[in-house]
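Below you'll find the structure, written out as structure tokens, and then a few comments.
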Amino acid sequence: MTVFVVSLFLPNTISFSIPTLTAVRRDQPPVKRSSTKAGALEKPSLFTQHDLTPPRTRTTDNDHVEFFAQRGTQASNGHFPKQEGPRSIIAPSDPHSPAWGSGRHFTQPPSRASTPPPADILKHNKTPEKAAAISRAGIRQPQLDGRSESHDRVFAHANWTVVPADQGNGGLRNAVQAAVRNGKLNDKIWVGTLGMPTDALEETQQKQDIEDRLATEYDSLTVFCKDSDFDGHYSHYCKQILWPVFHYQIPDNPKSKAYEDHSWIYYVTVNLAFADKIVKNWKRGDIIWIHDYHLLLVPAIIRKKLPDAKIGFFLHVAFPSSEVFRCLAVRQELLEGMLGANLIGFQIHEYARHFLQTCSRLLCVEATNDGVQLEERFVDAINIAIGIDPVALDMNRADPEIEEWLTAMQERYRGKKLIVARDKLDYVRGVRQKLLSYELFLNKYPEWRDRVVMIQVATSTTEQAELDATVSDIVTRVNSSWANLAYQPLVYLKQDISYPQYLALLAVADALMVASQREGMNLTCHEYLVCQDGKFKGHNKFGSLILSEFTGSSSIFGGQELSVNPWDFRQCAEAIKHALEMGDEEKETRWGKLYKSVMHHTADHWFTAFLGRLDKVYDEQNSQDTTSVPRLSINSLAQSYQRSQKRLFMLDYEGTLASWGSPHGIILTSPQHTLDALNDILSDERNVVYVMSGRQPEDLDRLFKRVPNLGLIAENGCFLKEFGSTKWIEMADPEKMHAWQESVEGIMQYYYERTPGSWIERRHCSLIFHYKSCDDPESASRQAGDCASHINDACEQQKVKAIPIDDAVIVAPIDWSKGTAATQIFEDLEKKTDSPPVDFLTVIGDGRDDEVVFRWANDLEKQKQIKHVTTVSLGNHNTEAGYTLTQGVTGKGPSLSSSRLEMLTQSKGVLTVLQKLGQLS
């Protein structure tokens, strides 16, 4: 069994040996200098107080930059450590961090992609199939900067080496490495791109050699994409559309280029390339595990080509609320792409809940706490937080280079409290909010001036020039106000630092501050907590953690961190003060609990837990697939029937005993052959028969008035007429039913007025929103999805649930179902001493509401309370029933007319079974 670990970037890339060319860094854009002069006076601070000391001349911060940029030179306190590149033991854990400032410069081909993508490729086609067809047509991209292809072709014949890649998901790599080290993963294959332009390598033997070497020596399948495809996919659709929306940054401001960005087709093309590569190499029994928002379409594409594949998907970033996600133009395609997996994983419960609500609202499907119920299968959804690899981190911390940096930093900032941070410079990371909070702290608490230093490492991006200028202004203003010849309150490093420097900085810090506006899981704070364990020589303290409440990590730390709202500057300033003034006992207590959480949510635990859950849900889903459920053998059933002494039949009505009738009126009579079959069974006094229905009690009385002694369950368990009785028992409290129906009907009325052709049906214990007859089915389905989501959100405390069914939304109480009615019936029969116990049970149904009865009956058999249990499903969906009467699979899904015909045929099949058993009586 092979595990395909599918991520946009492979753990390795290629560096070429071309001495005459300047090295190209793929991860670091050109540094743009701020237009603000170093010594210029800035705009007044929002928090400046009039009675403060006038600003003093700011000292230059070049010495701080040079300090962290040292490479084998001497400092006043001795030798700085040599920089020999990062060790291969571990990768940076932050899954969406830029590369470390390791000093490595890769020589790689320049891209031939034009940017932004041209508008003429859009053609208003959103579906993956149409987008793929456009891509295959071949869209020629112009050359950049006048470079000729012959100039780029020099790479096609140059020497090359395989090197560890800078970009990519470090947390995922560490998790895989930990699983391999611990013997939990023996056979794996990485699937991804090289993260570099490859057009220069087209149609060359070198391209094949690279692919072969990565496959044989590095367990990697390389996905090659055209430069234009990759640029449109990653730089445009992922970074300018998906990334902002997933982090609640809706691209609706006037300067946004999102609506001019026609990169969806490139996103589809790259996803298709990944799926094709996997399908080509997949063998039965292999596991496909797809990662992150770059590849949302891959699960569904693979599912279509490999229906039996075991597919997992994990989203490493946040998943937004349905109100935000619905802003995406291709929202349905993205959701359906994810739902191609057997198991979808999220970092925390909040993201999983948002996903389930979004599916319910936008796709109008039933979403439970465990996942999404599609027509033909169930997709499980879980939350399981990724973590770091503390074992590998400890191995890296043994590097003597870190001790040297730690000593140098302690000497440089002696007598000062250090607040450290490392963030990508974009709006999501909250660098601006963090620095404004620090400025307010210095203004509000002057006693801390000259005693505290914040070191902010910010890796720049080309897209955030305005934010870069704003942050630079804040830095200049803070240092102009409070710096002197011996003190600089804010060290702003618009550069990355090496991995040893990073670990040393985490160890020497008195506090780490994370102010992300939204983040899937911040692993930097996990590494900080490990580095604060006091194992470094001469360092034995437990620093504080200031953490945004909008990070996934905040949800697993149990409130032991100093949780802040990054938009509340005053709260953040108070948190800084608390962190610096916290007593040693409180620090150690908080750190101990945080450290325990970090050591529980490790990368190894995350990896093995997800794959273990994937195995479980895959087996469950396969066992419930209608193609895996055996057909009912009437002869075997008859033999069990003859050997039994007390028999209980639980039979669904619509779709089982009879075809579906009109929902508008009351059916006064049942088909005669249905009544005859029931009377045949009831002619034997050893038989007890109950018919289950969603209809009202008075409807069932009219339907079965010619079948004496028949037990009835109405409104899916809210009403019960016991076997042999003439009176109905109302299982649910009528006052409670009336209370929730009033509030729910008000919500339904809102959507009824906006959905021409819809109507509301009120029953004793349920409400149904019908939209089958609407002139605009697409709009009606969207309104129905909104209606179901609205009711589930607003009426959760009233214990009711809205469930989308065919052309309707039914709202019913959670506490009462066919299952609760069946339980009551069985318990009453067991209490009777004048008849033998039930030793034969048959349940036959066709709908989702019958699944709870199948589960109940199967549990009775497992607990050996009933000797012979037979559960039969007539539906086309996955089921917990043990048998089916269907005649096989006719395609992805039957048409409406064929579905009705098949249902009628199956109903007659049920009657045939009952008539045969009745003859045996």
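Some observations on this one:
- With R₀ fixed at 41 Å, the C-beta to C-beta distance from Tyr487 to Val163 puts the FRET efficiency at about 0.50.
- Applied to the stretch 164-169, the Karplus parametrisation 6.51 cos²θ - 1.76 cosθ + 1.60 on θ = phi - 60° returns per-residue 3J(HN,Hα) values of x, 6, 7, 7, x, 8 Hz, with x for Gly and Pro.
- Computed from the Kirkwood radius of its Cα pairs, the Stokes-Einstein diffusion coefficient for the stretch 407-513 at 20 °C and 1.002 mPa s stands at 150 µm²/s.
- Set of aspartates and glutamates near Lys736 by C-alpha distance (under 19 Å), chain-local residues within fewer than 8 positions excluded: Glu715, Glu745, Glu761, Asp793, Glu796, Asp815
- Entries in Lys310/Lys799; Lys239/Lys417; Lys188/Lys277; Lys416/Lys541; Lys184/Lys310 that, when Cα-Cα distance is taken, lie over 25 Å: Lys310/Lys799; Lys239/Lys417
- Packing-based order for 510-517, 363-370, using average beta carbon neighbours within 10 Å, highest first: 510-517, 363-370
- Between the stretch 457-532 and the stretch 591-625, the C-alpha centres lie 33 angstrom from each other.
- The stretch 734-813, dipole about Cα centre (Lys/Arg Cβ +1, Asp/Glu Cβ -1), debye to the nearest 20: 280 debye
- Here the calculated FRET efficiency for Ser683 and Arg631, from their Cβ-Cβ distance with R0 = 30 Å, stands at 0.65, rounded to the nearest 0.05.
- Peptides ranked, highest mean first, by Cβ atoms within 10 Å: ranges 438-445, 208-215: 438-445, 208-215
- Per-peptide average of other Cβ atoms within 10 Å, ordering 753-765, 425-437 highest first: 425-437, 753-765
- What separates the Cα centres of the stretch 334-390 and the stretch 280-324 is a distance of 12 Å.
- Shown for Met521, Met338: other C-beta atoms within 10 Å of each C-beta, ranked fewest to most, produce the order Met338, Met521.
- 3J(HN,Hα) from dihedral phi, the stretch 502-512, Karplus parametrisation 6.51/-1.76/1.60, rounded to Hz, x for glycine, proline: 4, 5, 5, 5, 5, 6, 7, 5, 8, 7, 10
- Placing +1 on the Cβ of every Lys and Arg and -1 on the Cβ of every Asp and Glu, with no other charges, gives the stretch 316-370 a dipole of roughly 120 debye about its Cα centre.
- Once both labels are positioned 7 Å from their Cα atoms along Cα-to-Cβ, the gap between Asp775 and Glu202 label points is 5.1 nm.
- Couplings 3J(HN,Hα) of the stretch 175-187, computed from phi: 5, 5, 5, 5, 5, 5, 4, 8, x, 9, 9, 9, 10 Hz, in residue order, whole Hz [Karplus 6.51 cos²θ - 1.76 cosθ + 1.60, θ = phi - 60°; x for Gly and Pro].
Quick note: the coordinates plus some simple rules give every number you see, no bench work behind them. Remember, predicted model here, so these are calculated numbers, not experimental data. All Cβ positions, even for glycine, are placed from backbone atoms using ideal geometry, and neighbour counts span all protein chains on display.
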